[in-house]
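Below is one structure, written out as structure tokens, with a few remarks after it.
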Amino acid sequence: MIKIKQIGFAALVCVSSFAKTALAQQQPNVLWILTDDHRYDAIRAFNKILHNREMSELGYVESPQIDRLTQMGTTFINTYCHSAVCAPSRAAMHYGRYPFRSGVYEFEYHNNNAEHCKPTLPEQMANLGYQTFHVGKLGVRIKTVKDGKTSAHPIYQNDIDFKKMAKDGLTDWGKDWFTELEGEKLDKPIQNLVFYVTPDGEFEYNSLELEEQRPVYKGSSEKLIEKYDILRHYNQAKGKHLDKGMILSGVSSQPAGKTRDGYYTAVLKDYLKNTESTFSVGSQTVNGIDHSKPFFVHLGYDFPHTPVLPPADYRERFQKHTYKVPELDEKELEKMPAQIKKFRNYGASDHLTDVEKQKMIQDYYAFCAYGDQLVGQSVDAFIAYSESHNQPWMIVYVNGDHGWKLNEHGAVSKCTPWDVDSHNPVVVVSSDKKQFPAGKVVRDFTEFVDIAPTILAAAGANLEQTDFDYLDGLDLAKVAKGKAPVRDYVIGESHAATGPRAFIRTKEYVFSLQTRPNHNRGENMDWALNASYKELDPSLYHFTKDPKEVNNLAFEKEYETIAMAMKDKLLAIVLGDNRVEVNWEKWGSGTDTYRSNFAPGAHDYKLKLK
């Protein structure tokens, strides 16, 4: 009897080991979560790692679910975006390429027909045998060209249109083009008609143009401003406006769970529970899950992007906290680069009243806390599905496509190379703890271009093959193991909002400059090489001594050697190491491609400063 028990136990161990080996060889289900305009200081775990404190320097925050992810997986705390603007940032993640390699620098429509174009991340995942699904914000403005005309190019096999969800009433707030309203044609189409949806399903419209066309709606905008306690960003000279300006503060028209982000979460949960061949979301129908195949899900949350409208219960809790409002030193403006200063003035917020600033900050962090709970629900549903089907899994959580200012530098919005706008940690959690150990923190520099190769490698792609040699990033699993090149710097470039500008950041300094005289693709690509230093409109901040990045040292004699070294390195990379510019034309139909490659290999991750 003893011998039989011993043999049985040994056999059980062998079977268990075989099962684990087989499971490890399976392609994991992948959930990629991305938030929007999300400051890292809204997350206690990130504050603890970076500053040895849980709360933001501004005050109270809460993030138990994202904190939990950092305990479950590996945190890449020094991850930076390449463009602190939605569309080019999301393009970099989906393509795994720097803006200067993809040719996508701002909000331009582009196509997959240009000679340098490669498949997006979800298309590559489909090639690897995955079923792909997306719900929420996407922000990748890709088209395809047929017979000289552009047409839609879906990059996910199943893609839930968030605008259709909103028009179906599956939201609390929406904005869209309307040609008719309540079955009657409008006198003139309204391009950006804002609406709120009540718990009873009633649509409430916030548009002065609508009020002019339909007198029955007269006064509705003013009533909604009061009903939802809306604070819109406003110009100090022009004053407040009833239907224009970013919504910086207010309360959601719906309870928690019924906001647009709440519905995204519900869609994901329902998708995972669905057992039918098709799956419906309002008026949309897509394919259900094939349980025999791995799946790749991209969940694009809108929070905490404007409109900042936390549910009432979250808002009430955070209104109990008083926040330290960042103060503007007027001397900073005297040395601020002209490009950045111009956009900063557009988003200026220092003229807001003290009460308005408090509400803006309270509601922002309340919105983040609400979103944190939704992240937790999505993660739990995804893991439960994977484990119930005995399938390995991986979660890639990206804390914002970029950051957001709350009166830092006297402004709101994003779009600059400042740390507050571009520092976005990533957390990777996996059922394979050897790849991404629980609780591990990686402090080496990482970048958004690392996301695609990380997911592809986990899915079984051999990144050494020529099919993937276009990828600019590193596999984060190798970074975590110390088997990838260590970056001395991170880089980026964006042409939106500020105009063409690139940056290079080391652990000690950040340097940025203007890269082009205008937005005309293919023209004067070498402008920055011949322009004077002053014309480059440079900035240099000594980050370790000036963490708020307010004292521009670009013209200080003491820092001349450092500034010149960073300038030369940056220009060699973004202008000379396989730069691509494309004349995409207005609707993305152009394919004329221009290259600059006078310094191949300049991007070698190395920069030693004296």
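Considering (1) touching a helix residue (DSSP H, G or I) at 6+ places or on another chain (Cβ under 9 Å); (2) closer than 26 Å to residue 72 by Cβ, the lone condition that residue 387 does not fulfil carries the number (1). Apart from one condition, residue 513 fits all of (1) open to solvent by 10 Å² or more (accessible area, probe 1.4 Å); (2) not in a loop (DSSP other than H, G, I, E, B); the exception is (1).
Take the residues of the stretch 586-610 that are among the small types (Gly, Ala, Ser) and in a loop (DSSP other than H, G, I, E, B): which is surrounded by the most Cβ atoms within 10 Å (Cβ to Cβ)? In this case the residue turns out to be 588.
Scan the stretch 560-585 for residues that are open to solvent by 20 Å² or more (accessible area, probe 1.4 Å) and either part of a loop (DSSP other than H, G, I, E, B) or more than 30 Å from residue 41 (Cα to Cα) (or both) and jot them down.
Our first condition is that a residue be open to solvent by 20 Å² or more (accessible area, probe 1.4 Å); within the stretch 560-585, this holds for 560-561, 564-565, 567-569, 572, 578, 583, 585.
Passing the criteria: 560, 561, 564, 565, 568, 569, 572, 578, 583, 585.
I'm trying to understand the selection: among the residues of the stretch 99-117, which are touching a Phe, Trp or Tyr at 6+ places or on another chain (Cβ under 9 Å), at negative phi and in contact (Cβ under 8 Å) with a residue 40 or more places away in the chain? Those that are touching a Phe, Trp or Tyr at 6+ places or on another chain (Cβ under 9 Å), at negative phi and in contact (Cβ under 8 Å) with a residue 40 or more places away in the chain: 99, 101, 102, 108, 109, 110, 111, 114, 116.
Looking only at residues in the stretch 130-161 that are open to solvent by 20 Å² or more (accessible area, probe 1.4 Å) and in contact with an Asp or Glu (Cβ under 8 Å, 6 or more places away or on another chain), the one that is farthest from residue 304 (Cα to Cα) is 141.
Against the list (1) charged (D, E, K, R); (2) within 28 Å of residue 106 (Cα to Cα); (3) surrounded by 15 or more Cβ atoms within 10 Å (Cβ to Cβ), the condition residue 211 fails is (2).
Every listed requirement among (1) more than 21 Å from the chain's Cα centre (by Cα); (2) in contact (Cβ under 8 Å) with a residue 60 or more places away in the chain is met by residue 452 save one, (1). Every test in (1) open to solvent by 70 Å² or more (accessible area, probe 1.4 Å); (2) assigned to a strand (DSSP E or B) is passed by residue 216 save one, and that test is (2).
Does at least one position in the stretch 557-572 carry a residue that is among the basic types (Lys, Arg) and within 29 Å of the chain's Cα centre (by Cα)? Let's see the steps before the verdict.
Residues of the stretch 557-572 among the basic types (Lys, Arg): 557, 567, 569.
Now restrict to residues that are within 29 Å of the chain's Cα centre (by Cα): 567, 569.
Yes, some residue in the stretch 557-572 is among the basic types (Lys, Arg) and within 29 Å of the chain's Cα centre (by Cα).
Residues that are aromatic (Phe, Trp, Tyr), surrounded by 16 or more Cβ atoms within 10 Å (Cβ to Cβ) and touching a Ser or Thr at 6+ places or on another chain (Cβ under 9 Å): does the stretch 255-265 have at least one? Yes. Among residues of the stretch 88-97 being assigned to a helix (DSSP H, G or I) and open to solvent by less than 10 Å² (accessible area, probe 1.4 Å), the one that is farthest from residue 498 (Cα to Cα) is 94. Within the stretch 190-208, the residues that satisfy the criterion of being under 16 Å from residue 243 (Cβ atoms) and surrounded by 12 or more Cβ atoms within 10 Å (Cβ to Cβ) are 190, 192, 193, 194, 195, 196, 203, 204, 205, 206, 207, 208.
Scanning the stretch 221-228 for any residue that is free of Cβ contacts under 8 Å to residues at least 60 places away in the same chain, under 23 Å from residue 305 (Cβ atoms) and surrounded by fewer than 20 Cβ atoms within 10 Å (Cβ to Cβ) turns up at least one such residue. Is there a residue being within 17 Å of the chain's Cα centre (by Cα), within 24 Å of residue 260 (Cβ to Cβ) and crowded, with 21+ Cβ neighbours inside 10 Å anywhere in the stretch 63-70? Among the residues of the stretch 63-70, at least one is within 17 Å of the chain's Cα centre (by Cα), within 24 Å of residue 260 (Cβ to Cβ) and crowded, with 21+ Cβ neighbours inside 10 Å, which makes the answer yes. So for the stretch 401-409 (the condition being under 30 Å from residue 517 (Cβ atoms) and in a strand (DSSP E or B)), does at least one residue qualify? So far as the stretch 401-409 goes, yes, one or more of its residues are under 30 Å from residue 517 (Cβ atoms) and in a strand (DSSP E or B). Determine, yes or no, whether residue 420 is under 20 Å from residue 66 (Cβ atoms), in contact (Cβ under 8 Å) with a residue 24 or more places away in the chain and open to solvent by less than 20 Å² (accessible area, probe 1.4 Å). Spelling it out, it is not the case that residue 420 is under 20 Å from residue 66 (Cβ atoms), in contact (Cβ under 8 Å) with a residue 24 or more places away in the chain and open to solvent by less than 20 Å² (accessible area, probe 1.4 Å). Tally the residues that are open to solvent by less than 40 Å² (accessible area, probe 1.4 Å), out of contact with any Gly (no Cβ under 8 Å at 6 or more places or on another chain) and either of a type in the set (Gly, Ala, Ser) or under 21 Å from residue 377 (Cβ atoms) (or both), restricting the search to the stretch 266-297. Total meeting the criteria: 10.
Considering only the stretch 379-393, I want to know if a residue exists there that is in a strand (DSSP E or B) and open to solvent by less than 20 Å² (accessible area, probe 1.4 Å). Within the stretch 379-393, one or more residues are in a strand (DSSP E or B) and open to solvent by less than 20 Å² (accessible area, probe 1.4 Å). Checked across the stretch 429-439, the condition of being on the phi > 0 side of the Ramachandran plot, open to solvent by 10 Å² or more (accessible area, probe 1.4 Å) and in contact with a helix residue (DSSP H, G or I) (Cβ under 6 Å, 6 or more places away or on another chain) holds for at least one residue. Residues in the stretch 229-249 that are open to solvent by less than 60 Å² (accessible area, probe 1.4 Å), outside any loop (DSSP other than H, G, I, E, B) and not small (Gly, Ala, Ser): 231, 232, 247, 248.
Figure legend. Inter-residue proximity from the stretch 47-58: first residues open to solvent by less than 90 Å² (accessible area, probe 1.4 Å), second residues of a type in the set (A, V, I, L, M, F, W, C) and part of a helix (DSSP H, G or I), beta-carbon distance below 7 Å, spacing 6+ or different chains. Indicated pairs: 56/42; 58/361. Set side by side, the residues 537, 450 differ, and just one is within 28 Å of residue 73 (Cβ to Cβ) and open to solvent by less than 30 Å² (accessible area, probe 1.4 Å), which is 450. Screening the stretch 394-417 for residues that are open to solvent by 10 Å² or more (accessible area, probe 1.4 Å) and charged (D, E, K, R) and picking the one that is farthest from residue 139 (Cα to Cα) gives 408.
Which one is nearest to residue 250 (Cα to Cα) among residues in the stretch 342-355 that are buried (at least 18 other Cβ atoms within 10 Å of the Cβ) and of a type outside the set (Ser, Thr, Tyr)?
Within the stretch 342-355, the first condition is being buried (at least 18 other Cβ atoms within 10 Å of the Cβ), and the residues that meet it are 343-344, 347-349, 352.
Those still in the list that are of a type outside the set (Ser, Thr, Tyr) too: 343-344, 347-348, 352.
On the way: 343: 25, 344: 23, 347: 18, 348: 19, 352: 15 Å.
Checked the stretch 342-355; the qualifying residue nearest to residue 250 (Cα to Cα) is 352.
The values are calculated or read from the model by the stated rules, or taken from the named source; none is laboratory data. Not measured: the values here are computed from a predicted model. Note: ideal-geometry Cβ built from the backbone for every residue, glycine included; neighbour counts use all protein chains shown. Ligands, DNA and RNA are stripped out before the accessible areas are found, and what is left, the full protein with its side chains, is counted by its heavy atoms. Shrake-Rupley method; radii C 1.70, N 1.55, O 1.52, S 1.80 Å.
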